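Let me begin by presenting the structure, written as structure tokens, before commenting on it.
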Amino acid sequence: MSASRSIRFSKSKNSRSNLERDLRKLIPTKAGVIADPARLAELGTDKWFAASLPEIAVAPGSAKEVSAVLAYAHKHNIPVTARGAGVGYVGGCVPLRGGILMSLHRMNRIREISGEDFVAVVEPHVITGVLQSEVEKRGLFYPPDPQSYKDCSIGGNIATNAGGPRCLKYGVTRPYVLGLQVALADGTLVRVGGRTHKNKTGFDLVGIFVGSEGMLGVITEATLKLLPLPPAHVTLSAGFDSMHDAAAAVQAIFKAGYLPCAVEVADSFTLQSARNAHKEVKGSFIPPGKAHLLVELDGQKASVLSEGKALKALLAKNKALEVELATSPERRVRIWALRRAFSASLKATGLTKLNEDIAVPRGRLVDLIAFAEKLQKKTGFPIACFGHAGDGNIHVNIMVSKEQQSKRPKEIEATLDALFRQVIAWGGAITGEHGIGIAKKRWWNEATTPELRKLHSLIKKAVDPKDILNPGKFV
């Protein structure tokens, strides 16, 4: 391997002790360097299946310390993989080439919330749900809401351009990132973007770093756009006989001119898993039928209530078996608790959930549901579909047993191949919000053109010529 490429740092006792000694000089705080094997093993994985041990981990407490570690690593050609909260599903923060794992958990301060400028300035490890709660106390609103909002960090959200249910109306993370401070591969600290809600000074360098999965720089601070907090919400929960009927109802909502802040759908396997996992809950908690549709509206109280009643009638007209209109916070939270429990309910089946966050053009939603049903019949693997019906970002989960994983791996791979190839043929995306990481790397070439891949490589080489930042991933 040439000197210009990152290497797996030597695991010799002497090399590791020298590395630890040097890093402790750069981050003198006791908690700044992590060498405990158990902790390193924990930091070497995320919610996916892959794991790789780093030689050592650091926990910088400031942008200056991030910069110092990167400058050192750049000088010595040592790989560096940045890690947020570690709740990703694609192995994006797994340090494939060892080296230094940079955990940002000490950089968790909200530096500012401004009601006058409608911005928040935060460090990368501020938990998304904590930020949302703090800005709402001031009558402000940070819309991006990944399902893991109680655990995921803002830096991780930015690195993957995370989405969530509300992105139907409000968009994904990118529109809310006004400015960033980023440490480049050689330790240079650079600020891109700014504090204003409009800014056309030069290239959109903020956009380059959002979604870059830690391969172009390490985010040390983010300036985020806030909105006024909507004063009222209503949530509708509807049951349907089939996913086809539920998907058709979604199209009817848009054709009628409505733009809810969220439209979520779940299929029969997902619903039954929830019923089995929540047997103590009364039937009204989980609607009848073989498909579930959740619709949320926000805005002014009078208009939201009026639209909620109209949507209830529209859903009933479009084959809903039962529709509940929840206006109280308590009932709304209970309905959303069902949606947020789907992933855990599927895991409770004892099967392994191969979670694929594909996205298709909105008009292909009904086609996707039909394709998933055919794929399930053809392969025999249960397929659980749920997610963001409003924007075509459906989580298609191939459910497999441990025995099937060991005895039928090629059939599982063929099932995944069939899913991704169909999605690509429809002009869809192999990932809507989780990122490529390791899990989607296999389909990267099919999903992109040679020209696009070359452009990615040129950008990567320009800002990280030694390939030390999160190496071994899709670029």
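Brief remarks follow.
- Label point at T29 placed 7 Å out along Cα→Cβ; residues across the stretch 437-475 whose backbone nitrogen lies under 12 Å: none
- Percent RCO, i.e. relative contact order, over the chain, from Cα pairs under 8 Å lying at least 6 residues apart: 16 percent
- By average C-beta atoms within 10 angstrom, highest first, the peptides 195-205, 438-448, 410-420, 149-159: 149-159, 438-448, 410-420, 195-205
- Euclidean distance between Cα centres, the stretch 234-279 to the stretch 115-150, Å: 28 Å
- In this rough spin-label picture, where each label sits 7 Å from Cα along the Cβ direction, the S17-S62 distance is 3.1 nm.
- Rounded to whole numbers, the Karplus 3J(HN,Hα) couplings from phi for the stretch 71-77 are 4, 5, 5, 5, 5, 9, 6 Hz, using 6.51 cos²θ - 1.76 cosθ + 1.60 with θ = phi - 60°, and x at Gly and Pro.
- Residues V66, V90, sorted so that the one with the fewest Cβ neighbours within 10 Å comes first: V90, V66
- Site pair E112 and A38 shows an inter-label distance of 4.2 nm when each label is modelled 7 Å from Cα along Cα→Cβ.
- Global geometry of the stretch 232-344, whether rounded, prolate or oblate, following the gyration tensor of its Cα atoms and the 1.5 cut on a/c: oblate
- Trypsin sites (Lys or Arg not before Pro) lying in DSSP loop within the stretch 218-301, provided at most 13 other Cβ fall within 10 Å: K279, K282
- With each label modelled as a point 7 angstrom along the Cα→C-beta vector, the K407-K441 pair spans 3.1 nm.
- From its DSSP helices (H runs of at least four residues, each -39,500 (n - 2.57)), the chain gives a residue-normalised ellipticity at 222 nm of -11000 deg cm²/dmol.
- Above-threshold pairs, the threshold being 29 Å between Cα atoms, out of K150/K473; K402/K441; K402/K460; K309/K353; K64/K461: K402/K460; K309/K353
- Compared with the direct C-alpha span, the chain from E322 to A414 gains 29.3 nm at full extension, assuming 0.36 nm per residue.
- Listed values for the stretch 341-353 are Karplus-derived 3J(HN,Hα) couplings in whole Hz (6.51 cos²θ - 1.76 cosθ + 1.60, θ = phi - 60°), namely 8, 4, 4, 5, 5, 5, 5, 5, 5, x, 8, 7, 9, and x replaces Gly and Pro.
Every read-out reported here was derived from the displayed coordinates using simple, explicitly stated rules and does not represent laboratory data. Keep in mind that what you see is a predicted model, and the values were worked out from it rather than measured. Every residue, glycine as well, gets a Cβ built from its backbone with ideal geometry; the counts of neighbours run over all protein chains shown.
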